[in-house]
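Undergrad: Before I ask anything, let me first share the structure, which is written out below as structure tokens.
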């Protein structure tokens, strides 16, 4: 049943400009919210208790103050109580009607505003920012507790043909030094759209692969990753594995450094590998423009020969670690080129995932904090879902605020 509440607003003003008007009218939100609550309360009291001195099942009692911190400011309410003569129960009709949370002074909408800041800011800065912007108040510890209680998860899409996987280290609470934040993104090459497949903490990649495999047909999907052995083994049954070219160059440089290669030799070998990879990338880009298959096949053959020469040069200087890495992964550097001949687009880097990891690093690694597994997972999910799936994050907000109902507004000038 729809109910109507009429509120008359009288505004006095003097020497006000437009920006002053807009700034100060924001203060009406709290006043209007309080008056609507009182209006609903009066209707309920009248329905239950009737006219004053009328005998009904419910008896009017004194009012009791209630403070609620909301996104429109702090509501200072004086709510009336009634007593059920049959059961002896004493309660506030408007608290029950509007589902006001028992024992809470901070409403979920304030938490939600701060939770939306959590992907970007620390707990302390999030509550400070929301307080400055909306005037609402929330403690750092309350926000932390409500983030721990979040029930948020990814909704993997099955229409992806490329999967990007990676992990990163984050400081951990307790004796062990690090948590490992695991991330898998899906990419639909036809729609050119990314989605979140998985985000977890300290998970085994074999288990992650099983979880992703419930939604994604990995027999028909390519995986883009770095050289991590566990990742490569877990996704070994995918349609193909493409090792990120940027990671490959970095890892080769690390291998040569680890083997005490002279600085000039290390720079030369890194430059040669980077140049050969760049030439291959350009050839694939040309292929997508003119689809000259024979030219690309020739380039693939040329690249294999160049890598063989690179390995021989490294082995000739007894740098076996670097040579073995390139020999073992040469074909995984080529996956995107071979896929192109088959008509499949595969990125040669996982740059998109690296950008997401960078955003997570701003929040989780560069604030100097240590994390629990649950807290890190929830904060990461907040960030990833809000960035990659706005629709899903919208659903989460609806659930978080519970059944909110609707309000209809009709604003007009008096006599209009």
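Undergrad: If a residue counts only when it is closer than 22 Å to residue 191 by Cα and in contact (Cβ under 8 Å) with a residue 12 or more places away in the chain, which helices (runs of 4 or more DSSP H) contained entirely in region 318-382 have at least 2 such residues?
TA: Per the criteria, 335-341, 351-364.
Undergrad: Okay, moving on. Has region 171-184 got any residue that is within 21 Å of residue 231 (Cα to Cα), at pLDDT 85 or above and in a loop (DSSP other than H, G, I, E, B)?
TA: No; the residues of region 171-184 include none that is within 21 Å of residue 231 (Cα to Cα), at pLDDT 85 or above and in a loop (DSSP other than H, G, I, E, B).
Undergrad: Something else now. Can you tell me which residue among 142, 189 is surrounded by fewer than 22 Cβ atoms within 10 Å (Cβ to Cβ) and modelled with pLDDT of 65 or more?
TA: Sole residue among the options that is surrounded by fewer than 22 Cβ atoms within 10 Å (Cβ to Cβ) and modelled with pLDDT of 65 or more: 189.
Undergrad: Same structure, new question: Among the numbered conditions (1) modelled with pLDDT of 90 or more; (2) surrounded by 14 or more Cβ atoms within 10 Å (Cβ to Cβ), tell me where residue 87 comes up short.
TA: The failed condition is (2).
Undergrad: Given (1) more than 25 Å from residue 103 (Cα to Cα); (2) over 43 Å from the mean Cα position of the chain (by Cα); (3) exposed (fewer than 15 other Cβ atoms within 10 Å of the Cβ), identify the lone condition not met by residue 49.
TA: (3)
Undergrad: Would region 73-84 turn up any residue that is within 30 Å of residue 29 (Cβ to Cβ) and surrounded by fewer than 13 Cβ atoms within 10 Å (Cβ to Cβ)?
TA: Scanning region 73-84 turns up at least one residue that is within 30 Å of residue 29 (Cβ to Cβ) and surrounded by fewer than 13 Cβ atoms within 10 Å (Cβ to Cβ).
Undergrad: Among the residues of region 171-182, which ones are surrounded by fewer than 22 Cβ atoms within 10 Å (Cβ to Cβ) and in contact with a helix residue (DSSP H, G or I) (Cβ under 9 Å, 6 or more places away or on another chain)?
TA: Answer for region 171-182, where residues must be surrounded by fewer than 22 Cβ atoms within 10 Å (Cβ to Cβ) and in contact with a helix residue (DSSP H, G or I) (Cβ under 9 Å, 6 or more places away or on another chain): 171, 172, 173.
Undergrad: Checking residue 364 against (1) surrounded by fewer than 16 Cβ atoms within 10 Å (Cβ to Cβ); (2) within 16 Å of residue 170 (Cβ to Cβ); (3) modelled with pLDDT under 80, which single condition isn't satisfied?
TA: Against the list (1) surrounded by fewer than 16 Cβ atoms within 10 Å (Cβ to Cβ); (2) within 16 Å of residue 170 (Cβ to Cβ); (3) modelled with pLDDT under 80, residue 364 comes up short only on (1).
Undergrad: Could you tell me how many of the residues in region 44-78 are in a strand (DSSP E or B), within 23 Å of residue 105 (Cα to Cα) and either touching a residue at least 40 places away in the same chain (Cβ under 8 Å) or touching a helix residue (DSSP H, G or I) at 6+ places or on another chain (Cβ under 6 Å) (or both)?
TA: 7
The values are calculated or read from the model by the stated rules, or taken from the named source; none is laboratory data. Predicted, not measured: the structure shown is a model, and the values here were computed from it. Glycine also receives a Cβ, built like all others from the backbone with ideal geometry; neighbour counts cover every protein chain displayed.
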